[in-house]
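Structure first, commentary second.
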Amino acid sequence: MGIKLQVRGNQVTMEGPDAEVNLAGRVLTQLYDILQSGYPVFPQDVQYAVRILQEKDTASLRDLFLDTVFLSAMKRRITPKSLNQKRYIEAIRNHDIVFGIGPAGTGKTYLAMAMAVAALMNHEFIRIILARPAVEAGEKLGFLPGDLYEKVNPYLRPLYDALHDMMEFEKASRLVQRGVIEVAPLAFMRGRTLNDSFVILDEAQNTTSEQMMMFLTRLGFGAKAVITGDVTQIDLPAGVTSGLVEARKLLEDVEGIELVHFTERDVVRHPLVQDIIRAYEGRRTRRAAAQTEA
C-alpha cells in the first residue's frame with residue numbers, strides 16, 4: 001500500500017499518504033476485531049481485506065469473514081472473501097435460481113457446493129445434483145475406454161474434487177452410492193423433474209441454447225438451482241450460441257432469478273491469477289476495439 005509500519009509493543013505507527021494510512025488503519029482495526037471473535041486470520045486474508053475495503057470503505061469484514069457457509073472436512077471455515085462472493089451467497093439463500101458468472105478462481109462453483117452440502121446436512125433438501133456439459137476444453141479425448149460412467153468421469157472430476165474437499169471421502173462416496181449426491185453429465189437431466197433438490201450446473205458457458213432451456217425447466221417443487229460459468233472460456237464449436245450468454249440476456253429482468261457477476265478482483269487463488277486474467281481481458285478488449293475500427 002506504499003506506507004511504512006513501525007511496531008512497538010501493542011502500538012502500530014503508520015507513515016504515508018493520508019488516504020493509504022486511513023485505509024490501512026481500517027484494515028488493521030477490522031482484522032483485530034475478527035481475531036478477537038476467534039476467526040483465524042491467514043496472510044491471504046490480509047490481501048482480501050485490503051481489496052474489500054478499497055472497493056467499499058464502509059464494508060464490514062465481520063459480516064463477510066464471520067459468515068461461515070460450511071466447515072469443510074478439514075475443519076476449515078468456508079466464508080466469502082469478497083463483496084461479490086457475499087452477494088452470491090445471499091442470492092443463493094434468497095432465490096431459487098442464481099447465475100454466478102465470472103472468471104476462474106472466483107469461487108463460483110466452490111461456494112455453491114458449500115451451500116449445497118450445508119443445506120443437505122440441515123435437511124433442507126433431500127439430494128444434491130451436480131451437472132456439467134461434456135464438452136472438451138480444446139483437447140480431443142478420443143474414444144475413451146470403459147463403460148459410460150468411465151467415459152464421462154473425466155468431465156466431472158472437478159465436481160468430485162470440490163465435493164471431497166467439503167466432506168470426508170468415505171462419507172461422500174456413501175452419499176453418491178445411495179443417490180443422495182448425484183454427479184452426472186447435463187444430458188442425463190433430460191426428461192427428469194427435480195423436486196426438493198439443490199442442483200448445480202457447472203461450466204454452463206458450454207451449454208447450447210436448447211440444453212440451457214432443458215436444464216432450467218427440470219426444476220420441480222422445493223428445488224434450488226445455481227448455474228455457474230465463465231463466458232470468456234466457451235469451448236463450443238464456432239457459430240453455436242452459448243446457452244449461458246443467451247440466458248443472461250433473456251432472464252436478467254425475471255423476478256426471482258438473480259445474476260451475480262464476478263471480476264478478477266474476486267479471484268481467491270494464487271495472486272498471479274488476478275494478473276493473468278487482467279492481461280487476457282486487456283488483449284480481448286484491444287482485439288474488440290481493433291475489429292470495431294476495421
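The values are calculated or read from the model by the stated rules, or taken from the named source; none is laboratory data. Everything numeric here is computed off the predicted structure, so don't read it as measured data. Here Cβ is always computed from backbone atoms with ideal geometry, including for glycine, and neighbour counts include all displayed protein chains. Please note that ligands, DNA and RNA were not included when accessible areas were found on the heavy atoms of the full protein model with its side chains. Shrake-Rupley method; radii C 1.70, N 1.55, O 1.52, S 1.80 Å.
Structural remarks
- Here VAL231, VAL273, VAL240 are screened, and the one residue that is more than 22 Å from the chain's Cα centre (by Cα), among the β-branched types (Val, Ile, Thr) and surrounded by fewer than 19 Cβ atoms within 10 Å (Cβ to Cβ) is VAL240.
- Within the set ALA247, ALA223, ALA204, the sole residue that is over 19 Å from the mean Cα position of the chain (by Cα) and small (Gly, Ala, Ser) turns out to be ALA223.
- Residues in the range 212-227 that are touching a strand residue (DSSP E or B) at 6+ places or on another chain (Cβ under 7 Å) and open to solvent by 60 Å² or more (accessible area, probe 1.4 Å): there are none.
- Among the residues of the range 106-148, those that are of a type in the set (Val, Ile, Thr) and either at pLDDT below 90 or open to solvent by 40 Å² or more (accessible area, probe 1.4 Å) (or both) comprise ILE126, VAL135.
- The set of residues from the range 163-192 being open to solvent by 70 Å² or more (accessible area, probe 1.4 Å) and in contact with a strand residue (DSSP E or B) (Cβ under 8 Å, 6 or more places away or on another chain) comprises just one member, PHE188.
- Taken together, GLN54, GLN30 contain a single residue that is in a helix (DSSP H, G or I) and modelled with pLDDT of 95 or more, which is GLN30.
- Residues in the range 228-262 that are within 24 Å of LEU83 (Cα to Cα) and part of a loop (DSSP other than H, G, I, E, B): 10 in all.
- The listed residues are SER209, SER197, and the only one of them that is in contact with a strand residue (DSSP E or B) (Cβ under 9 Å, 6 or more places away or on another chain), open to solvent by less than 10 Å² (accessible area, probe 1.4 Å) and of a type in the set (Gly, Ala, Ser) turns out to be SER197.
- Checking each residue in the range 1-16 for being in a strand (DSSP E or B), open to solvent by 100 Å² or more (accessible area, probe 1.4 Å) and of a type outside the set (A, V, I, L, M) picks out LYS4, GLN6, ARG8, GLN11.
- Scanning the range 86-102 for residues that are touching an Asp or Glu at 6+ places or on another chain (Cβ under 6 Å) and buried (at least 23 other Cβ atoms within 10 Å of the Cβ) yields a single hit, VAL98.
- Of the residues making up the range 199-220, just one is among the small types (Gly, Ala, Ser), free of Cβ contacts under 8 Å to residues at least 40 places away in the same chain and in a helix (DSSP H, G or I), namely SER209.
- Per-region count, the range 249-270, residues over 19 Å from ASN94 (Cα atoms) and open to solvent by less than 100 Å² (accessible area, probe 1.4 Å): 6
- Single condition THR285 does not satisfy, out of (1) farther than 22 Å from LYS86 by Cβ; (2) surrounded by 11 or more Cβ atoms within 10 Å (Cβ to Cβ); (3) at pLDDT below 90; (4) not charged (D, E, K, R): (2)
- Among residues of the range 168-181 that are modelled with pLDDT under 90, those with a Cβ under 8 angstrom from a residue that is part of a strand (DSSP E or B), sequence gap 6+ or separate chain, pair up as ALA172/ILE181; VAL176/GLU182; VAL176/VAL183.
- Members of the range 65-82 that are open to solvent by 20 Å² or more (accessible area, probe 1.4 Å) and hydrophobic (A, V, I, L, M, F, W, C): LEU66, PHE70, LEU71, ALA73, MET74
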